[in-house]
Amino acid sequence: MLGRRDKGSRYEQIAADWLRSRGLGLIERNYRCRRGEIDLILLEGDCICFVEVKYRASRAFGGARYSIPRAKQQKLLLAAEHYLGHHPQHRNRPQRIDALLLQQNGKELDIEWIRNAVGADGF
């Protein structure tokens, strides 16, 4: 049985592979700073995308869609700001914070990509 950290790494890898198959380029995984953490940082064209990955095994309590509370959204914003402050080559790029939601549906894994998730409807 996988531990929580191992399970998180497994689903982050699935998410990174899924996004790369859609043309995004991976810059960094698990960016950490005192302000928070960003699971994936990628480029889509000229846009830098900060991606929060969430996996849920069931739809109980709203499933993955409802697992990014406002406090987490604030930490994502602060961590993205920190990243940009320390990586000047990306400061002038368009940027957004996305959510990639992985939801178990029987033996299938449903994937929902929400661009501009922070501040979007439903969050």
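Among the residues of the range 24-81 satisfying the criterion of being hydrophobic (A, V, I, L, M, F, W, C), assigned to a helix (DSSP H, G or I) and more than 18 Å from Leu102 (Cα to Cα), which is modelled with the lowest pLDDT? Show your work before the answer.
Narrowing the range 24-81 to residues hydrophobic (A, V, I, L, M, F, W, C): 24, 26-27, 33, 38, 40-43, 47-51, 53, 57, 60-61, 64, 68, 71, 76-80.
Next, from what is left, pick out any that are assigned to a helix (DSSP H, G or I): 60-61, 64, 71, 76-80.
Imposing the further condition that a residue be more than 18 Å from Leu102 (Cα to Cα) reduces the set to 71, 76-80.
Working: Ala71: 88, Leu76: 93, Leu77: 93, Leu78: 94, Ala79: 96, Ala80: 95.
Only one residue tops the list, namely Ala71.
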Checklist entry - What pairs can you find where one residue is in the range 81-95 and charged (D, E, K, R), the other is part of a loop (DSSP other than H, G, I, E, B), and their Cβ atoms are less than 6 Å apart, with a gap of 6+ or different chains? => result Arg93/Asp46
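The values are calculated or read from the model by the stated rules, or taken from the named source; none is laboratory data. Not measured: the values here are computed from a predicted model. Note that each Cβ is placed from the backbone with ideal geometry, even for glycine, and that neighbours are counted across all protein chains shown.
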